[in-house]
Amino acid sequence: MSTTAVQGPSRHPVASEALRDAGLRVTQSRAAVYAALAAHPHASADALFAAVGPLMPRLSRQSVYNALNDFADAGIVRRIEPAGQSMLFELRVSDNHHHLICTDCGTVADVDCAVGHAPCLTPSQDHGFAIASAEVTYWGLCSACAAAA
Ligand SMILES: [Zn+2]
Ligand SMILES: [Zn+2]
C-alpha cells in the first residue's frame with residue numbers, strides 16, 4: 001500500500017469537483033487553470049499562464065488555451081471579448097451579468113443585470129428573435145484612474 005500523496009488535482013479539490021460535475025476529466029493542468037481562474041476573475045489566457053506557469057514548469061501556454069476552451073465548451077467558463085483587448089475568462093456564468101472596463105488600466109468589474117433579470121435589456125426592435133441574453137460593456141475610467149487623471 002502506497003502512502004505517497006497524490007499530486008496535482010487533489011491540491012485543488014474545489015476545481016476537481018467542478019470539472020467532474022461538468023463531465024470533464026480532471027487533469028493537473030485543468031485543475032490548476034481552473035483554480036487560477038477562481039483566484040483571478042476576468043483574466044486573459046496569458047495572465048493565467050503567468051499565474052500557473054511558475055507552479056507547473058512543464059505546463060505549456062497551449063495547454064492553458066486548451067483547458068480554457070474545454071471549460072468554455074462545457075459551459076463552466078464565460079469568455080468576454082472586449083473590443084480591442086485580449087479575450088478574458090471568468091467562472092461566473094449564466095447570470096447574464098455585465099462589465100465595467102477601464103479604458104486606461106483595463107480593470108474589469110462585474111455589474112449585475114442592468115435592468116431586471118436576463119436578458120435584462122429589451123431592444124427597441126427584436127426582429128422576431130427570441131432573445132436569451134444581452135451583453136453590455138460599460139467603458140470608462142475606474143476610480144483610481146479617474147483620480148489620477
Ligand atoms: Zn483604471
Ligand atoms: Zn464578470
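Just so it is clear, none of the values below were taken in a lab; they were calculated from the coordinates. Small disclaimer: the values here were computed from a predicted structure and weren't measured. A quick note on method: Cβ atoms are made from the backbone with ideal geometry, for glycine too, and the neighbour counts reach across all protein chains shown.
Just a few scattered comments:
- The orientation-averaged shadow of the Cα convex hull for segment 95-148, equal to a quarter of the hull surface, comes to 4.4 nm².
- The chain - mean residue ellipticity at 222 nm from DSSP helices (-39,500 (n - 2.57) per run, n ≥ 4, rounded to 500): -9500 deg cm²/dmol
- Cα shape, segment 20-149, gyration tensor, a/c 1.5 rule: oblate
- For Thr107, the amide hydrogen comes within under 5 Å of the amide hydrogens of Cys102, counting only partners 5 or more places away or on other chains and with H modelled in the peptide plane.
- Comparing Ala146, Val14, Ala74 along the charge dipole axis of the chain, the residue lying farthest to the positive side is Val14, per the Cβ-charge model.
- Helices that extend 15 Å or more along their long axis by alpha-carbon positions and average at least 0.5 on the Kyte-Doolittle scale are, among the DSSP H runs of the chain, 28-39.
- Among the trypsin sites (Lys or Arg not before Pro) in segment 22-85, those located in a DSSP loop and surrounded by at most 10 other Cβ atoms within 10 Å of their own Cβ are Arg25, Arg58.
- Cα shape, segment 46-101, gyration tensor, a/c 1.5 rule: prolate
- In terms of packing, defined here as the mean over residues of other Cβ atoms within 10 angstrom, the peptides 90-100, 31-41 line up highest first as 31-41, 90-100.
- Gln62-Ala147 pseudo-label distance in nm [points 7 Å out on the Cα-to-Cβ vector]: 4.5
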